[in-house]
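Taking it in order: structure first as structure tokens, then the write-up.
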Amino acid sequence: KDSRPVVVTNHSCNSWGHFEESALRLVVEQGKTPNELRAEVIQRAKEFVKDVETTKLSPMTNPYRYNVKVTFIVNTDKRVVVALLKSISSNKVVAKGVAKCHSEDVINEHVGKAIALGRALGKDVSEFENAVQPTKVVQGQVIAWKLDEEKVLYRVDNKTGNQFNFTEVKSNEKHRIYEYREIEKYTNIVDDTNA
């Protein structure tokens, strides 16, 4: 068994899945599942945003030399989060950061906010940009069936063993007690903000 640590950088990503293989090796070495590692990154993203917002971003703590407040615009349909830094005195936007989720990645509002805010402040957000993708379907996630051409979205209301209850996101229609042994083979996780 190769137990050397894996260093994953933006430069190790490519279209042949090198990043995924490296990340999965790292997961195995740390003894945590991708879902567990992602949960840790999401928690750090929440803390990052909270810490920045509670510092009041005075002229001494931000590069724009204004007293600013943070406003977020979240558009899950377009998979975009925008962070606007506005001057408290004039309400003028002094900086903007944008996070756009790649179509193959799972969107998470908290990670998007951390990326957008970090970019607005000129901070390194690579930890959030390179968040491990979840591999197991759990309660609270939004999923889409791989063979569904219309890409109808379903929220996982609860999961007990292999039994799932879903709610169709747009129509709010409930789907109860469906059994799937390997649901990940047939679905894509789209959003894990509320997982």
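Exactly one residue out of Asn172, Asn188 is assigned to a loop (DSSP other than H, G, I, E, B), of a type in the set (S, T, N, Q) and farther than 30 Å from Val52 by Cβ: that is Asn172.
As a summary of the residue check, His110 satisfies the conditions (1) of a type outside the set (Ser, Thr, Tyr); (2) over 12 Å from the mean Cα position of the chain (by Cα); (3) assigned to a helix (DSSP H, G or I) except for the one numbered (2). The residues of region 99-117 that are farther than 16 Å from Asp51 by Cα, open to solvent by 30 Å² or more (accessible area, probe 1.4 Å) and at pLDDT 95 or above, listed by number, are Lys100, Glu109.
Looking at region 118-135, which of the residues that are charged (D, E, K, R) and either touching a Ser or Thr at 6+ places or on another chain (Cβ under 6 Å) or in a loop (DSSP other than H, G, I, E, B) (or both) is least open to solvent (accessible area, probe 1.4 Å)?
Filtering first and then ranking leaves Lys123.
Only one of (1) in a loop (DSSP other than H, G, I, E, B); (2) open to solvent by 40 Å² or more (accessible area, probe 1.4 Å); (3) modelled with pLDDT of 90 or more is not met by Ile73, so which one is it? Evaluating Ile73 over (1) in a loop (DSSP other than H, G, I, E, B); (2) open to solvent by 40 Å² or more (accessible area, probe 1.4 Å); (3) modelled with pLDDT of 90 or more leaves (1) as the failure. If only residues of region 140-195 that are under 17 Å from the mean Cα position of the chain (by Cα) and among the acidic types (Asp, Glu) are counted, the one that is most open to solvent (accessible area, probe 1.4 Å) is Asp191.
Give the residue, chosen from Ala144, Ala116, that is out of contact with any Asp or Glu (no Cβ under 8 Å at 6 or more places or on another chain), in contact (Cβ under 8 Å) with a residue 40 or more places away in the chain and closer than 18 Å to Asn194 by Cβ. It is Ala144.
The values are calculated or read from the model by the stated rules, or taken from the named source; none is laboratory data. The structure displayed is predicted, hence computed values, not measured ones. Every residue, glycine as well, gets a Cβ built from its backbone with ideal geometry; the counts of neighbours run over all protein chains shown. Areas reflect the complete protein model, heavy atoms only, side chains present, ligands, DNA and RNA absent. Shrake-Rupley method; radii C 1.70, N 1.55, O 1.52, S 1.80 Å.
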